[in-house]
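A short worksheet on the structure shown next.
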Amino acid sequence: MSLSDELDKILILRSQPDFDVKFARLNEKKAPAGRFAGYDSEGSRQVLKIIRKVAENGDDAVRNYTKRFDGEDLTPDKFRVAKGDLEKAHREIDPDLLRSIRKAVENVRKYQSEIFIGNRKHSGITYTPIKRVGICVPGAAAPMPSTVIMTAVPAIVAGVEPQDIVVVSPPRYKPSAKEKGTIHPVTLAVCHELKIENVYRIGGAQAIAALTCSKGIIPKVDKIVGPGNLWVQTAKKMVAQDYVGIDSIMGPSEVFIIANAKAKPAWVAADMLSQAEHGEYSKSIVTTDSETIARQILLELKRQVGKLPRANQAQKSLLEFGAIVALNSMTEVIDFANEFAAEHLEVQCGDESRSIAEQIHNAGAIFIGEYTPVAVGDYWAGPSHTLPTEMRAKFSSALTSNDFIKSISVVEYDAKKLAESAEDIIRLAEAEGLDAHAKSIRIRQQG
């Protein structure tokens, strides 16, 4: 069997005798094997150990773990990227790329400003920006400068000062000798464009731990956002609430495509591959009400996958976490989509796309129509590409400017207004047996 013919395994049709078994296994694709299950798992214990070591030993522990996991022995004075290196990266970036970056920044800024609630005025509530924010930017396997845009710009719109944004990103994996131990220059150029100067070439669970304590060079932050690998997300989960706020658990990447007979098979296949090339644990699921279109998509997938630079990586991802599913009706497709609650959900159903999209209640982001691939959202449209994954879209949302503010309730009564409510407040306090609460009202009534 050829490499591409192995992809026949991901086709799941109602007419197949083993349909029920294959379809049931799709639930397993929602939670990849190897994800740390519970705080008593071996992986979780390792992450907890890293967090404790960094809390106890600060920069020495960060250095040791960076050497162990990233193969870079960086002394603490080398953790932070020098301002001159940020300026150099910005100065040397391709001018056309810089123009595209600036357009993307403006698109995100415009959208995030339009949805921002922090400027609303009400006497009973005030909004204040979070003081200091940490941003995780992946970069070991591939550079992700777009993540800086999609996380930092919403924060800046909310009122977080660029000097209070701390970016952490791992030293580059398999870089050239010249770039060994550095962050990709495009990522650095974007940081400089946004006036972010606190940039550290540290990644993994040790970076999350460093952002939550005050033991070393990396500043402590109040909230950590951004995607990352299994270790990063597990560390985020462990430090959340007790030490810092977090956005959500982000990753691995996933796309769920709803297609009908009006979809273009080549385009659907290309969109599956755009997620599969992320590699480990990335999920690419297509669901349709047409067996014919399902088979056509598979043929296109097999034709295109071998042409990718990361063909082996993409194919492995598809075999482990990909599927093309043909169900009996669009109603079944929509029900499955809402249950799957994907990070990215595309609807490629011709002139029916919008009406179908309106029936989706669980998704990180919805991409409507054949001309709206996930890449439009990843880089350009305005909403952040930092999205909940693995069914968390049932209770979590995309990162927005509103995630970087806190609301403070404001209460102000005068003597007349308190007198009008005093007896009711006293009655409620006494019903709970809280006599001192009631007395705090009575004493004011007695003058």
Quiz item: Looking at (1) surrounded by fewer than 20 Cβ atoms within 10 Å (Cβ to Cβ); (2) over 24 Å from the mean Cα position of the chain (by Cα), which is the only condition Lys394 fails?
Solution: (2)
Self-check item: Every pair of residues 6+ apart whose Cβ atoms lie under 6 Å, when the first sits in the range 90-105 and is farther than 21 Å from Ala155 by Cβ and of a type in the set (A, V, I, L, M, F, W, C) while the second is modelled with pLDDT of 95 or more and surrounded by 12 or more Cβ atoms within 10 Å (Cβ to Cβ)
Solution: Ile93/Ala189
Quiz item: Which condition does Met150 not pass, out of (1) surrounded by fewer than 19 Cβ atoms within 10 Å (Cβ to Cβ); (2) within 13 Å of Ser384 (Cα to Cα), if it passes all the others?
Solution: (1)
Exercise. Could you look through the range 11-36, keep only residues that are modelled with pLDDT under 85, part of a loop (DSSP other than H, G, I, E, B) and in contact with a helix residue (DSSP H, G or I) (Cβ under 8 Å, 6 or more places away or on another chain), and pick out the one that is nearest to Phe336 (Cα to Cα)?
Key: Pro32
Quiz prompt | Where Gln313 falls short, out of the listed (1) without any contact (Cβ under 8 Å) to a residue 40 or more places away in the chain; (2) in a loop (DSSP other than H, G, I, E, B) | solution = (2)
Exercise. Considering only the range 252-269, state which residues are surrounded by fewer than 21 Cβ atoms within 10 Å (Cβ to Cβ), touching a residue at least 40 places away in the same chain (Cβ under 8 Å) and outside any helix (DSSP H, G or I).
Key: Asn260, Lys262, Lys264
Quiz prompt | Residues (modelled with pLDDT of 90 or more and either not in a helix (DSSP H, G or I) or not assigned by TED's automatic domain parsing to the domain that holds Ala209 (or both)) located in the range 172-192 | solution = Ile183, His184
Self-check item: Lone qualifier among Ile196, Ile217 - being of a type in the set (Val, Ile, Thr), in a loop (DSSP other than H, G, I, E, B), buried (at least 20 other Cβ atoms within 10 Å of the Cβ) and not assigned by TED's automatic domain parsing to the domain that holds Glu320
Solution: Ile196
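Within the range 270-283, is there a residue that is hydroxyl-bearing (Ser, Thr, Tyr), in a strand (DSSP E or B), touching a residue at least 24 places away in the same chain (Cβ under 8 Å) and surrounded by 23 or more Cβ atoms within 10 Å (Cβ to Cβ)? Talk me through it step by step, then tell me what you get.
First, pick out the residues of the range 270-283 that are hydroxyl-bearing (Ser, Thr, Tyr): 274, 281-282.
Now narrow it down to the ones that are in a strand (DSSP E or B): none.
No, there is no match, as no residue in the range 270-283 is hydroxyl-bearing (Ser, Thr, Tyr), in a strand (DSSP E or B), touching a residue at least 24 places away in the same chain (Cβ under 8 Å) and surrounded by 23 or more Cβ atoms within 10 Å (Cβ to Cβ).
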Quiz item: For the range 431-447, how many residues are more than 47 Å from the chain's Cα centre (by Cα) and assigned to a loop (DSSP other than H, G, I, E, B)?
Solution: 2
Practice problem: Scan Ile368, Ile356 and give me the residue that is closer than 19 Å to Ile285 by Cα and touching a residue at least 24 places away in the same chain (Cβ under 8 Å). | Solution: Ile356
Practice problem: From Leu319, Leu345, Leu308, grab the single residue that is within 26 Å of Ala142 (Cβ to Cβ), out of contact with any His (no Cβ under 9 Å at 6 or more places or on another chain) and surrounded by 24 or more Cβ atoms within 10 Å (Cβ to Cβ). | Solution: Leu345
Practice problem: Could you list, in sequence order, all residues of the range 57-70 that are without any contact (Cβ under 8 Å) to a residue 40 or more places away in the chain and either hydrophobic (A, V, I, L, M, F, W, C) or surrounded by fewer than 17 Cβ atoms within 10 Å (Cβ to Cβ) (or both)? | Solution: Asp60, Asn64, Lys67, Arg68
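The values are calculated or read from the model by the stated rules, or taken from the named source; none is laboratory data. The structure presented is a predicted model; accordingly, all values stated were derived computationally and were not measured. We place every Cβ from the backbone using ideal geometry, glycine too, and count neighbours over all the protein chains shown.
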